[in-house]
Structure formats: C-alpha cells, structure tokens
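Notes for the one structure printed next.
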Amino acid sequence: MNRTDQTSPSQIAPLPEPLSPDLPTIEQLVSLCLPDYLRIVEPDSARHMDLSSCEILPAPPEPADRLVRAQVSSRRGLTIHVRVLIEPDPLPAEDVPARLLSVLQEAALPYGAPILLSIFSLNGDSPGVGLESATLSSLLNIEFIRAYYTAWCLSSSSADSHLQRPEPLAWALAPYMHSPTRTQPELFAAARDRALAAELPDDLRGALLSFLPPDVR
C-alpha cells in the first residue's frame with residue numbers, strides 16, 4: 001500500500017460520546033413508571049403488591065436530592081414505603097450507611113413499618129440488580145441496625161435483555177445500557193419502535209418518546 005493512502009491517527013474522526021441521562025429526567029421517569037421499576041428491581045416483592053395503588057409522595061423543598069418517595073399497598077392491605085435513591089455513580093461503601101440513615105430519619109416511620117430501599121446508579125461496573133446491606137448502627141463492634149437495600153447500575157446492565165422485557169421503563173432505559181451488538185442510536189431506534197408498537201396510554205407513550213430522541217447519531 002502506498003504510504004500516501006494511509007490515514008494517520010490524527011485524521012480519524014473520533015467516535016461520538018454516548019449520551020448519558022440526566023438525573024432530573026431519570027427521577028421523573030422512575031416516578032412516572034414506578035410500578036415498572038419495582039417489577040424490575042424488586043420482582044419478588046412486586047408480586048405481593050397492588051401496584052395500581054402506587055402513590056408518589058411530595059418531596060420536601062430542601063434538600064434538592066434525587067430521591068423518589070412513594071408508598072404502595074400489599075395485596076393484604078399493608079402499606080409499604082418505597083424510597084429510590086438516584087445517584088450519578090455508585091456510592092462509596094463507607095458513605096452508604098449515612099445516606100440510608102438520613103433517608104430513614106426523614107421518612108420517620110413507626111417501628112416495624114415495612115420499607116423498600118434501593119440505590120439506582122446511572123454509571124458503574126456492577127451489572128444487574130443485587131441485594132446489598134449496610135450496618136447503620138453499632139457499638140463496640142456489636143451491630144444494632146442493619147439495612148438491606150437493592151442496588152441497580154444502569155450503564156452496565158444488558159440493553160438487549162431489557163428491550164425484551166414487558167415494562168416500558170425497561171425500553172426507555174435500554175439505550176443507556178450496555179450492548180455488545182448494537183450502537184446507541186440503534187438502541188434508541190429499537191426502544192422507540194417498542195414504545196410506538198405497544199398498547200399504551202397516550203400520556204405514557206408521549207413521555208417515553210420524549211425521553212427517546214429520534215435524531216441520536
């Protein structure tokens with residue numbers, strides 16, 4: 001090959017940076033599709049809930065955290081409290097206890113009231129959904145309070161498997177996940193196709209499509 005036919009590294013156009021979702025939009029989407037979120041992240045618990053009873057609770061004016069507050073009834077009529085912490089990156093392990101403790105203190109629930117805690121990270125390298133725990137209170141190495149929570153990392157989850165799920169939230173989030181076979185524009189197109197083809201209420205379809213821009217390159 002003639003050396004003049006070769007392209008130098010400086011002449012190669014860089015690949016476009018993948019789009020990343022912003023925290024406020026993700027918070028709105030999770031709030032809108034909380035039953036879907038619970039089916040994905042808490043599938044065993046969701047089977048025992050009346051997900052049609054999901055109620056998003058108002059957030060206090062301060063602080064401006066990314067925390068979805070909700071409650072839902074079990075099939076036996078028990079009120080279950082839900083808190084979804086949305087973080088740009090996974091919290092360091094040493095920061096988790098204080099963060100969960102602040103959430104529980106704000107909730108001010110009576111003793112024994114059931115609560116589902118989850119931390120939803122937009123970036124990170126822990127694939128899928130996992131059950132984690134943190135010690136919230138101890139004295140002289142004696143543990144008094146341990147909280148269990150579900151951790152889900154968006155960017156390292158499987159886009160292709162979530163596009164096959166029945167929940168519209170899974171389709172909307174899939175373009176921000178990992179796929180070994182499809183580019184991000186292809187994932188956006190596939191997610192839009194699913195939203196357009198599904199039988200959905202007009203307001204939900206509109207919200208999903210607004211989250212899935214058609215001109216991603």
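Assorted remarks:
- Size of charge dipole - the stretch 18-157 - debye, nearest 20, with Cβ of Lys, Arg +1 and Asp, Glu -1, no other charges: 540
- Dividing the C-alpha radius of gyration of the stretch 158-217 by 2.2 N^0.38 Å, with N its residue count, gives 1.01.
- Positive-pole candidate from Gln184, Met49, Gly112, dipole of the chain, charges at beta carbon: Met49
- Taking each DSSP H run with n ≥ 4 as -39500 (n - 2.57) and averaging over every residue of the chain yields -9000 deg cm²/dmol at 222 nm.
- Value in Å of the Kirkwood radius, where the stretch 46-124 supplies the Cα pairs that are averaged: 13.7
- Of the peptides 29-42, 89-102, the ranking by mean beta-carbon count within 10 Å, highest at the top, reads 29-42, 89-102.
- Nearest 10 degrees, 0 to 90: helix 202-211 Cα axis against the chain principal axis: 60
- Shown is the FRET efficiency for Ser161 and Leu101, computed with R0 = 30 Å from the Cβ-Cβ distance and rounded to the nearest 0.05: 0.30.
- Sorted fewest first by neighbouring Cβ atoms within 10 angstrom, Trp171, Trp152 come out as Trp152, Trp171.
- Prolate/oblate/rounded call for the stretch 115-217, Cα gyration tensor, a/c under 1.5 rounded: prolate
- Proximal charge balance of Glu94 [Cβ under 15 Å; K/R count +1, D/E count -1]: -3
- Largest to smallest principal axis extent of the C-alpha atoms in the stretch 18-157, angstrom: 47, 38, 32
Every number here is computed from the coordinates shown, using simple stated rules; none is lab data. If you're wondering where the values come from, they're calculated on a predicted model, not measured in any experiment. Here Cβ is always computed from backbone atoms with ideal geometry, including for glycine, and neighbour counts include all displayed protein chains.
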